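A quick write-up on the structure given underneath.
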Amino acid sequence: MTLQFVTGPGSVDHQATLLDDLATTFNRFPDDQFYYLVPNHVKFESEVQVLTKLADHAGITDGTYAQTGIQVLSLTRLAWFFMKNTPAYQLPRISQAGLNMLVYQAILDHRSELRLFAGEADRPGFISLLTRQLSELKTGQITVGDLAQVAQKVTGNSADLDAKLHDLVLLYDSFETAMRNKYVANTDLLNQLSDFFSHGGFKSCALLF
C-alpha cells in the first residue's frame, strides 16, 4: 500500500476526488476492505456522502444502498474497530484533568529533586502546559530513555537547559510509571494503533483520509 496525496487550491473539491477514487478502486477490488477516515465531528455526514457516491457509481437511484466493504471511521473509532478486544483498549480512559493530576503528583513526589520546576507548580497554567509537553513527547513516541540521551548530549551548554531537561526526564519517568498498565489516553491509543498496523500483517485493505 502506497501513500498518495491529493493537493490543490481551496477552490478544488478534494473530497469529490477522493470519493471518485474510492468508488473506482472499490469496483476494481470488491473483495478488499476499505477504511475512509474522517474527523469525528463529520463522521455521519461523510458516511452518507460515501454511500451516495457508491450508489451513483453502481447506478442505484432508488436510495436503497448498503455496503460492508467500506467503513467510514474517525481515528479513535478506527482504534476501537481493530483493538476493542485487546488488553490495552480495556484500560480506563483518563481525561485531561486526570493527566494534570498525575503530573502535579509527580512534582509533589520529586519536589526536592527538581532544579527548575519545583517553584513553578503553583503558577497558574503551569501544570497544564507541562502536561501538554509530556503528552506531545508520548505522541511523538519519544521515550524517557530518548529524552535522557538528549539531556546527556547537550549538558553544559546552558544551565537553564540542563535544569529543564533534568526535570523533564524525572517527571516524564514518574508520569509514565503512573500511567503504565493503569490508564490510557487517546494519544496512547493512536500510538498503539500504529504499532498494531505495523505488526498486524494486513492485506487487501486501503486507508483514505
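Throughout, read-outs are computed from the coordinates displayed, never taken from laboratory work. Every value quoted in this text rests on a predicted model; they were computed, and no experiment measured them. All Cβ positions, glycine included, derive from the backbone under ideal geometry; neighbour counts span all protein chains shown.
Remarks
- Note, ³J(HN,Hα) from phi for segment 108-118, Karplus 6.51, -1.76, 1.60, rounded to Hz, x at Gly and Pro: 4, 5, 10, 4, 5, 9, 6, 9, 10, 8, 4
- A simple spin-label model places pseudo-atoms 7 Å from Cα toward Cβ; at residue 155 and residue 16 they are separated by 6.1 nm.
- Residues 62, 162, ranked from the fewest to the most other C-beta atoms within 10 Å, line up as 62, 162.
- When Rg and the Kirkwood radius Rh are both evaluated on Cα atoms of segment 94-183, their ratio Rg/Rh stands at 0.95.
- Helix 43-57 vs. the chain, principal-axis angle (Cα, 0 to 90°, nearest 10): 30 degrees
- Cα long-axis angle, helix 14-28 against the chain (0 to 90 degrees, to the nearest 10): 60 degrees
- For the pair residue 128 and residue 61, label points projected 7 Å from Cα toward Cβ lie 5.5 nm apart.
- Net dipole in debye of the chain [+1 Lys, Arg Cβ; -1 Asp, Glu Cβ; about Cα centre; nearest 20]: 380 debye
- Going from the fewest other Cβ atoms within 10 Å to the most, the residues 144, 150, 50 appear in the order 150, 144, 50.
- On the basis of the beta-carbon distance and an R0 of 30 Å, residue 4 and residue 96 show a calculated FRET efficiency of 0.30.
- Sorted by Cβ density within 10 Å, fewest first, the residues 89, 36: 89, 36
- Highest mean packing comes first when the peptides 66-74, 8-16 are listed by Cβ atoms within 10 Å, giving 66-74, 8-16.
- The calculated FRET efficiency for residue 27 paired with residue 48, based on their beta-carbon distance and R0 = 30 Å, is about 0.95.
- Taking the charge dipole of the chain about its Cα centre, with +1 at Lys and Arg Cβ atoms and -1 at Asp and Glu Cβ atoms, the residue from 149, 81, 8 reaching farthest to the positive side is 149.
- Size descriptors for the chain: radius of gyration and Dmax over Cα atoms are 22.7, 73 Å.
- Under the convention that each Lys and Arg Cβ holds +1 and each Asp and Glu Cβ holds -1, the size of the dipole of segment 42-151 around its Cα centre is about 180 debye.
- Counting only alpha carbon atoms, the long axis of helix 186-199 and the longest principal axis of the chain meet at about 60°.
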